[in-house]
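The values are calculated or read from the model by the stated rules, or taken from the named source; none is laboratory data. It should be emphasised that the depicted structure is a prediction, and the values quoted were computed from it without experimental measurement. Here the Cβ positions follow ideal geometry from the backbone for every residue, glycine too, while neighbour counts run over all protein chains shown. These area figures cover heavy atoms from the full protein model, side chains too; ligands, DNA and RNA do not enter into them. Shrake-Rupley method; radii C 1.70, N 1.55, O 1.52, S 1.80 Å.
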Amino acid sequence: MPAPNPNACRSLLSLESVPREQLNAWLDRAAEFAVAAQKPSPAAAGVSTGTAAGAATATSSLLRGHVVANLFYEDSTRTRNSFEVAARRLGADVLNFSAAGSSAKKGESLLDTARTLAAIGADVLVVRHAAAGAAAQVARAVSRPVVNAGDGRHAHPTQGLLDLLTMRQRWGDVAGRHVAIVGDIANSRVARTALAGLRTLGARVTLVGPATLLPRAFAALGAELSYELDPLLPHIDAIMMLRIQQERLAPATIPSLREYAGRYSLTMDRLNRCKPDVLVMHPGPMNRGVEIDEDAADDPRAVVLQQVANGVAVRMAILEWALS
Ligand code: CP
């Protein structure tokens, strides 16, 4: 067996194969950052650098002198902005790259762009790209830690972690809980990633959607599959609604959005058939009136904005880990 490479970068590319102990270590640290963010604004704390043992504070100088580069080849509101806030709260500088308005428009490749940003001084690269495997390619090409911020249908690991953190905050432990993930499973990196994390932590997961959006192959990943939503409603502890990924949808996959919404949308009628303390989750962006009704999205059982806020805490934990 080859000796571990002491110079290997700490990259986060997927939650598949991440051991339970590592998931819990990230979630514990993110939970500390989330609690610190609730406290009245302390001044920058100047926590000693480089270890995960430092006390979590809302802002700190843990990553002072480091540069976090956001390489976004796909649109984003939550992920990109929360990585930026997370980096700044840790004292890092941030380079924001968007393919639009960059030399990518002149033909520069993803890998040459990543190498260029590393040469400018980026210490960690946060990559979002439409191609599955793009972040892993960057990690192989550039000797810097890489955090996958979403690659095609493949993975979105910090989204998975913020989903798990939100559930842990409510339940303490996700083991034994039953989570339904509803919608465009075939095209969703969020579903695949949440499934991996939830199964590792001992939760039961049912994936729900029409047959054309629910590949049977997900059963081999530990999921139960259902083409019907209504029978599940009284039995689940959380319901995670997914957007129809129009940008990745094959033509004629669903007859119409109206018909789809009739069977799978989270309406108030369906929500009221769930347990009274069910968690209503959505990774965003929501398409109100399609996968979730206005009233259900704004119901007190919906934790969508808590998920967003937890994204900052999770990304602080991951940037600290990647650069430690
Ligand atoms: N959940 C999520 O990835 O949202 P954005 O596309 O806005 O980053």
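I'd like to check one number: the per residue accessible area of the chain, probe 1.4 Å, reported in Å² as a whole number.
43
Given R₀ = 56 Å, FRET efficiency for ARG258-SER324 by Cβ-Cβ distance, to 0.05?
The pair ARG258/SER324 has a calculated efficiency of 0.65.
I'd like the antiparallel share, as a percent to the nearest 5, of DSSP beta bridges with both residues in the chain.
Percent antiparallel among DSSP bridges in the chain is about 5.
Once fully extended, how much extra length lies between ALA175 and ALA131, figured as 0.36 nm per residue of separation less the alpha-carbon to alpha-carbon distance?
12.6 nm
With labels modelled as points extended 7 Å from the Cα through the Cβ direction, what inter-label distance (nm, one decimal) is found for GLN246 paired with ALA25?
With each label placed 7 Å out from Cα toward Cβ, I get 4.3 nm.
Just to be sure I understand the model, the point goes 7 Å from the Cα along the line to the Cβ. What's the resulting GLU224 to SER102 distance in nm?
4.3
Net charge near ALA104, counting Lys/Arg +1 and Asp/Glu -1 over other residues with Cβ under 15 Å of its Cβ?
It works out to a net charge of 0.
At a 1.4 Å probe radius, carbon and sulfur cover how many percent of the accessible area of region 274-323?
Carbon and sulfur together cover 55 percent of it.
Where does the charge balance sit around LEU214 when Lys and Arg score +1, Asp and Glu -1, over other residues with C-beta under 13 Å from its C-beta?
Spelling it out: positives minus negatives among the neighbours equals 0.
Net charge near CYS9: determine it from the other residues with C-beta under 12 Å of the C-beta of CYS9, scoring Lys and Arg +1 and Asp and Glu -1.
That works out to +2.
Which residue fluctuates the most in the chain, going by a Gaussian network model with Cα springs under 10 Å, if the choices are THR158, THR57, THR116?
THR116
Rounded to a whole number, what % of the accessible area of region 109-250 do carbon and sulfur atoms account for, probe 1.4 Å?
Result for region 109-250: 51 percent of the exposed heavy-atom area is carbon or sulfur.
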